[in-house]
1. Among residues belonging to the range A:92-117 that are among the hydrophobic types (A, V, I, L, M, F, W, C) and facing another protein chain (nearest Cβ under 9 Å), point out the one that is farthest from A:Gly61 (Cα to Cα).
2. Can you find, within the range B:407-425, the residue that is surrounded by the most Cβ atoms within 10 Å (Cβ to Cβ) among those that are in contact with a helix residue (DSSP H, G or I) (Cβ under 6 Å, 6 or more places away or on another chain) and under 30 Å from B:Lys88 (Cβ atoms)?
3. So, A:Ser104, is that one in contact (Cβ under 8 Å) with a residue 24 or more places away in the chain and out of contact with any Ser or Thr (no Cβ under 8 Å at 6 or more places or on another chain) or not?
4. For A:Arg306, are the conditions met, namely being surrounded by fewer than 23 Cβ atoms within 10 Å (Cβ to Cβ) and not aromatic (Phe, Trp, Tyr)?
5. Give the residue that is nearest to the chain's Cα centre (by Cα), with candidates limited to residues of the range A:24-55 that are farther than 18 Å from B:Ile110 by Cβ and outside any loop (DSSP other than H, G, I, E, B).
6. If I ask for residues that are hydrophobic (A, V, I, L, M, F, W, C) and within 15 Å of A:Thr289 (Cβ to Cβ), which ones from the range A:150-167 would you list?
7. Does A:Asp432 satisfy the condition of being in a helix (DSSP H, G or I), free of Cβ contacts under 8 Å to residues at least 24 places away in the same chain and surrounded by fewer than 24 Cβ atoms within 10 Å (Cβ to Cβ)?
8. Only one of A:Arg94, A:Arg99 is in a loop (DSSP other than H, G, I, E, B), of a type outside the set (Val, Ile, Thr), modelled with pLDDT of 95 or more and in the same structural domain as A:Ala332 (by TED's automatic domain parsing). Can you tell me which?
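The values are calculated or read from the model by the stated rules, or taken from the named source; none is laboratory data. Since the model is a prediction, treat every value here as computed from it, not as a measurement. FYI the Cβ positions are ideal-geometry reconstructions off the backbone, even for glycines, and counts take in every protein chain you see.
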Number of protein chains: 2
Amino acid sequence: MTMSHEIDPPALEILALNAFSGAGEGLPPDIAALVARRRRSFGAGSVLFYDVPLKIERAEGAVIHASDGRAYLDFYNNVPSVGHCHPKVVAAVREQVGRFNTHSRYLCDITQDYAEKLLATFPAPLSNLVMTCTGSESNDLALRIARSASGGIGFVVTRTAYHGNTAAVTEVSPSSYKRGAPPAHVRVVDPPDPAIYGNNLAQGFADAVAGAIAQMQADGIAFAGLLVDTIFSSDGVFADPPGFLAPAVEAARRAGGLFIADEVQPGFGRTGAGLWGFSRHGVVPDIVTMGKPMGNGYPVAGLVTRPELLDGFCAAFGYFNTFAASPVAAAAARAVLEAIEEDGLIANAARVGGHLKARLTHLAGRTPISAVRGAGLYLGVAFADETGPRADIASALINGLREEGILIGAAGQYGNVLKIRPPLCVTAEHADRLVDAMERLLVGR
Amino acid sequence: MTMSHEIDPPALEILALNAFSGAGEGLPPDIAALVARRRRSFGAGSVLFYDVPLKIERAEGAVIHASDGRAYLDFYNNVPSVGHCHPKVVAAVREQVGRFNTHSRYLCDITQDYAEKLLATFPAPLSNLVMTCTGSESNDLALRIARSASGGIGFVVTRTAYHGNTAAVTEVSPSSYKRGAPPAHVRVVDPPDPAIYGNNLAQGFADAVAGAIAQMQADGIAFAGLLVDTIFSSDGVFADPPGFLAPAVEAARRAGGLFIADEVQPGFGRTGAGLWGFSRHGVVPDIVTMGKPMGNGYPVAGLVTRPELLDGFCAAFGYFNTFAASPVAAAAARAVLEAIEEDGLIANAARVGGHLKARLTHLAGRTPISAVRGAGLYLGVAFADETGPRADIASALINGLREEGILIGAAGQYGNVLKIRPPLCVTAEHADRLVDAMERLLVGR
């Protein structure tokens, strides 16, 4: 279970499973015992972070307290997005879980109130909400709605995309394949990386999407839609220039497909420019999927779409999700929306993210940092030199930062991109602590 | 959104959507307003129970308090299986949600403790647990593991089966199709109904399964497995005689397939004969899937399987589930296991279920009840006469019982089976109240 760095789940599992044979070497006895028990219970599904796995005791805000007595600054976890154990979310769950927690075929004020608050944050045509329990369920349903609406079956996604864990969603998640490749109805394009498409990123990416669609159609597969994470997180974080996505969305629609914006990573204010990543690009998706940060850890997710798309789907299939839209899920999710507003977290993401990006960019000149990318509090720091991508540096840095009391991970096709996505309540002082530690580790002072 | 009776989700949605055009007639103003708002927010996905939908205010044990000032006895909801707002589960969630709630790539005592407690309830070869968030995710993963292990792609399921809502699981859920039918790799057999297979139910059902497999293979589709809900709830509840499932499982294995036991409905003690429905049949599944009652409303689910099956799957695919195996999910689920034991709920399911079945069987002679089936607190009461199945009687009864302050639903291919699955804490007095009310409504006294 030991591993030398953190990457997004799929690549992570490859590395981690490879490393399992050496488990237990040099671990503190209590940790070694727990690791061994875990391996017996969870088997091949047990994947842990770090050479010496972390055992958590409690967490608050941007800080995780571990069983080794240390307080770790959390620059990894985007699920507790308004802060670990945010008092408002904790209170909402505690209150409602003792009142009632039923399925959604009874009326409920809290669920209705939340639906209206959430839908008010979307552009007008996106006026119907389907609540689910996970981002995977949201994307799974989005694929089905897109197929129903388009009459097609094929999707275009990016090379190292990750959209979730169901059978259908794994097919559109190339990064989940440890061997083999996605089926013929899934076509892969290079991510919107300036290093690939040069100065004309928007048109280059759109041309790649149009080309993939044309090839799919030439192979006799009808096109259903373009599905992207609007900050391309598992591809290595690509956010700029704002608006670059619009021509690709146009290309997908011209070919009769839908545009699905996966907001599981950038959504709920992380980019510092409004609640949704797609809005930075001036596009209105046909379907928007949401997940991780929606309930700050309570399992709640969903999608919004146009009513006519949902009508068409529901005419063919019954869809019911037992735990979704429950009053406790809605209470948690409503508290998250309120916390984002009351705590000024979008402005904080812009301010602290901007400060962090400026300092990292300044640091780049004296280190093997080849690019600093991203928006708000979703940043990617790429390491590369004349030999190519340097995953080894990202890996060493992740372990070094852990020693410095900072948790962080990596992303990208080559695992060479440090992925920065802390709870949105981190401060400029926290950001300074991260950059100072990176500076010490990279340039030795 | 109005509808005249409750059936399992899929058939329900057909009826409910058909009835949406007349929404609002004769509803109390506050309910009508909430229904209209809900229709705007949730669109075609909004499906409600009852002609006058219920708005819940609070719930405890087997009782739901609604906004109409009435206390309803709950004979429908199997998710709050140890009782609505069970104090032990509420306390566990309240405690852990304020401590930490992270993903499962850090070590956690609670999650490990729960995994060991849960796995101890399964026969030895089933020693690996994968936690998910919903029964749908569990069945989706089970299909993938079965395909990986068997090399096949085809599944055999029962005629009105419902196993969940993802793209892949909908394919093996014939009851979710409002039009069209499952794809060619899914083959349907009649449920284990004595009215279909006669006195030799076990062999008849096994022959049907073997025949469906043979036909699938003749069509060039490799067989992956047999997937059944071990109490056949959405088919209309078929539990007897115990052991009848064994020859069908044998047939599936002879053909190179796996046996997946879907315990989302019968699991966690509901049958009154141990924790798991499959154990009544003396079989050991290759994969067991769990859902609804596992966290008493907290979204937690999972599957258990043999380590070698999970190894094979994980060698090909990365699988990670963000919200699953979180400490709050594990705390809720552990409290459920403890409540089942401490409150003696398996014995209560056997005792109250036995009493209820005896009284219903006694009632059958004087009413259009054609069969009383089931085990423990999962009972099906079928209505039929010389004209055939009588869904109209089940429907009238469901609405009549609501007037009497009792919530209940229906199941079966024809919607003619009253489905009895209350929280496991119901008492003999509650059961008497149900049967007395049914007697008043059916025989007028």
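1. Going through the range A:92-117, the residues among the hydrophobic types (A, V, I, L, M, F, W, C) turn out to be A:92-93, A:97, A:100, A:107-108, A:110, A:115.
Checking which are facing another protein chain (nearest Cβ under 9 Å) leaves us with A:93, A:97, A:100, A:107-108, A:115.
Details: A:Val93: 17, A:Val97: 23, A:Phe100: 28, A:Leu107: 34, A:Cys108: 30, A:Ala115: 26 Å.
For the range A:92-117, the residue satisfying everything is A:Leu107.
2. First, the residues of the range B:407-425 that are in contact with a helix residue (DSSP H, G or I) (Cβ under 6 Å, 6 or more places away or on another chain): B:408, B:410, B:414-416, B:418, B:424.
If we keep only those that are under 30 Å from B:Lys88 (Cβ atoms) too, we end up with B:408, B:424.
On the way: B:Ile408: 25, B:Leu424: 29.
That would be B:Leu424.
3. Values: in contact (Cβ under 8 Å) with a residue 24 or more places away in the chain: yes; out of contact with any Ser or Thr (no Cβ under 8 Å at 6 or more places or on another chain): no.
Spelling it out, it is not the case that A:Ser104 is in contact (Cβ under 8 Å) with a residue 24 or more places away in the chain and out of contact with any Ser or Thr (no Cβ under 8 Å at 6 or more places or on another chain).
4. Values: surrounded by fewer than 23 Cβ atoms within 10 Å (Cβ to Cβ): yes; not aromatic (Phe, Trp, Tyr): yes.
Considered against the rule, which asks whether it is surrounded by fewer than 23 Cβ atoms within 10 Å (Cβ to Cβ) and not aromatic (Phe, Trp, Tyr), A:Arg306 comes out as yes.
5. A:Ala44
6. Taking the range A:150-167 and keeping what is hydrophobic (A, V, I, L, M, F, W, C), we get A:153, A:155-157, A:161, A:167.
Residues satisfying the conditions are A:Phe155, A:Val157, A:Ala161.
7. Working: in a helix (DSSP H, G or I): yes; free of Cβ contacts under 8 Å to residues at least 24 places away in the same chain: no; surrounded by fewer than 24 Cβ atoms within 10 Å (Cβ to Cβ): yes.
Criteria not met by A:Asp432.
8. Result: A:Arg99 is the single residue among A:Arg94, A:Arg99 that is in a loop (DSSP other than H, G, I, E, B), of a type outside the set (Val, Ile, Thr), modelled with pLDDT of 95 or more and in the same structural domain as A:Ala332 (by TED's automatic domain parsing).
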